[in-house]
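The values are calculated or read from the model by the stated rules, or taken from the named source; none is laboratory data. Model, not experiment: these values are computed from the prediction. Quick reminder, even Gly has a Cβ in these numbers, built from the backbone with ideal geometry, and neighbours come from all protein chains shown. Surface areas here come from the heavy atoms of the whole protein model, side chains and all, with no ligands, DNA or RNA. Shrake-Rupley method; radii C 1.70, N 1.55, O 1.52, S 1.80 Å.
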Amino acid sequence: MSNARNLANLMGTNTTVPSSKLSLGASDLPSGSVLQVKNTTFTGTSTTAFASSANTKLTDLSVNITPTSTSSIIKIEAQITGEHSTSTAIYNTGWFFYRDNTALVAPNAGNRTAGIQMGSNVTYWAGDVASTPENACYMYFDSPSSTSQITYTVGIVSYYAGNWHLNRTALDSNTVDYERGISTISVTEIAG
């Protein structure tokens, strides 16, 4: 018997409705419904070293979710600010997500760097490479086919080895022209 029919039957008997009868399960909602949202917002600063062409996790930007159904779709979103230690990395960096230890990237095509989005150079100024942050905003729809806990983490890959300075500039001097920011990763479970 459906939750709605149970509720109607209970209401007709003039009894108190148990809270268990007022909730809907994931299977009661139509495809496309939002089932849950989780996020991690990192307000501190950190530095992550990466080798040339090596997929690397930014462990400060990870979030856990336990899907309610194997047919669910997980929408992953990230907004990242910070700065590379190497100015040439600005043009040669890919951003992506990890599902646990699996990199969610574009299909391999020869020796090309694969990610979801390539790095943005919108805020880059050649004469100011240590005090002008870069940014990346991107998303991905994952179908993990699991009801076990999953950890999604932001990933970075660059042709050049170096450091990513999260939420800060490379020099991070205590003056007004060395910006800081906030970075976020979020996941949304969507009924399949």
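Has the range 170-182 got at least one residue that is charged (D, E, K, R), open to solvent by 40 Å² or more (accessible area, probe 1.4 Å), in contact (Cβ under 8 Å) with a residue 40 or more places away in the chain and assigned to a strand (DSSP E or B)? Yes: the range 170-182 contains one or more residues that are charged (D, E, K, R), open to solvent by 40 Å² or more (accessible area, probe 1.4 Å), in contact (Cβ under 8 Å) with a residue 40 or more places away in the chain and assigned to a strand (DSSP E or B).
From the list T68, T132, the lone residue that is polar (S, T, N, Q) and either closer than 23 Å to V187 by Cα or within 16 Å of the chain's Cα centre (by Cα) (or both) is T68. Please go through the range 69-96 and give me each residue that is more than 15 Å from T48 (Cβ to Cβ) and among the aromatic types (F, W, Y), ordered by number. The one that is more than 15 Å from T48 (Cβ to Cβ) and among the aromatic types (F, W, Y): Y91. Criterion applied to I190, I185, I156 was being within 18 Å of G44 (Cα to Cα), touching a residue at least 40 places away in the same chain (Cβ under 8 Å) and within 17 Å of the chain's Cα centre (by Cα), and the one residue passing it is I185. Of all residues in the range 52-78, those satisfying the criterion of being out of contact with any Gly (no Cβ under 9 Å at 6 or more places or on another chain) and not β-branched (V, I, T) are S53, A54, L61, S62, N64, P67, K75, E77, A78.
Within the range 110-135, restricting attention to residues that are assigned to a loop (DSSP other than H, G, I, E, B) and open to solvent by less than 40 Å² (accessible area, probe 1.4 Å), which residue is modelled with the lowest pLDDT?
Step one: list which residues in the range 110-135 are assigned to a loop (DSSP other than H, G, I, E, B), which gives 110-116, 119-133.
Checking the rest, the ones that are also open to solvent by less than 40 Å² (accessible area, probe 1.4 Å) come to 114-115, 119-120, 130-133.
Working: A114: 89, G115: 90, G119: 74, S120: 62, A130: 84, S131: 85, T132: 83, P133: 86.
So, considering only residues that are assigned to a loop (DSSP other than H, G, I, E, B) and open to solvent by less than 40 Å² (accessible area, probe 1.4 Å), the one modelled with the lowest pLDDT is S120.
Taken over the range 136-145, the criterion of being on the phi < 0 side of the Ramachandran plot and surrounded by fewer than 17 Cβ atoms within 10 Å (Cβ to Cβ) is satisfied by C137, M139, F141, S143. So which residues in the range 91-103 are among the hydrophobic types (A, V, I, L, M, F, W, C) and open to solvent by less than 10 Å² (accessible area, probe 1.4 Å), if there are any at all? Across the range 91-103, the qualifying residues are W95, F96, F97.
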